[in-house]
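Notes to accompany the following structure.
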Amino acid sequence: MFTGLVRDMGKLISFEPHRQGDDEVYHAGIVTNLPKQDLTIGASVACNGMCLTVIDCKDTSAQKDFAHFFHVALSPETLDRTNARRWSLGDVVNLEPSLRVGDMLGGHYVSGHIDDTARVIDIQPYHSGRYVSLCFDKKYRQFIAEKGSITLDGISLTVNTVCNDVLTLVVIQHTLDVTSWSYLAVDDYVNMEIDILARYIVNSQSMIGSS
């Protein structure tokens, strides 16, 4: 589990296919300043909101400004559902290690299981931040509510408005400063995870209605 509060901005420095049985998985190499205890082999790290498993980690001196280098594996399912299929070397990656018992929950409960991608259709200045509009698949409309929570690229955000298949967000300057969204542009695709509570509420209602 995660909170949607980004702890570091890493950088993608490798992204290569690897054969695993009949499937072709990708290994992504990311440099970061996350503490090494958060990057032990088998640990879960949210990378742009995707819950991925660390498969190796080492110190690095080759990359200026970064202390550690780790690899994660991305399955065909992950590539199909996320914006990782559009990754390029040098991309900034939002990183959050998994919650520990007793950690403060400052965002909302985030599973790291991406539902789909949403497309940025407009960005406007808003006071010191930005007003961002995104288009999403209409089948997720029932899970998205005005003033409800949503996770985009691993960032816990509050929905400002939602109408049909478009949602809007007010992104404050602090969020821009500590996440990859300072680089966000129109037509970018971002990873979207709907609120886990909304998912279970809607699912329970549909089960009651069909019984």
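The values are calculated or read from the model by the stated rules, or taken from the named source; none is laboratory data. Note that the coordinates shown come from a computational prediction; the quantities given were computed from them, not determined experimentally. All Cβ positions, even for glycine, are placed from backbone atoms using ideal geometry, and neighbour counts span all protein chains on display. Accessible surface is based on the protein model in full, side chains and every heavy atom, while ligands, DNA and RNA are left aside. Shrake-Rupley method; radii C 1.70, N 1.55, O 1.52, S 1.80 Å.
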Looking at this structure, is ASP80 farther than 24 Å from LEU5 by Cβ, part of a helix (DSSP H, G or I) and open to solvent by 40 Å² or more (accessible area, probe 1.4 Å)? yes
Among the strands (runs of 3 or more DSSP E) confined wholly to region 15-67, which include 1 or more residues that are modelled with pLDDT under 95 and farther than 21 Å from HIS113 by Cα? 50-59
Failed criterion for THR168 (all others in (1) among the β-branched types (Val, Ile, Thr); (2) in a helix (DSSP H, G or I); (3) crowded, with 17+ Cβ neighbours inside 10 Å hold): (2)
Just to be sure, is THR161 in contact (Cβ under 8 Å) with a residue 40 or more places away in the chain and either open to solvent by 50 Å² or more (accessible area, probe 1.4 Å) or hydroxyl-bearing (Ser, Thr, Tyr) (or both)? no
Here the residues within region 7-28 that are β-branched (Val, Ile, Thr) and open to solvent by 30 Å² or more (accessible area, probe 1.4 Å) are ILE13
Of the conditions (1) open to solvent by 50 Å² or more (accessible area, probe 1.4 Å); (2) farther than 22 Å from MET9 by Cα; (3) in contact (Cβ under 8 Å) with a residue 60 or more places away in the chain; (4) of a type in the set (A, V, I, L, M, F, W, C), VAL178 fails just one. Which one is it? (2)
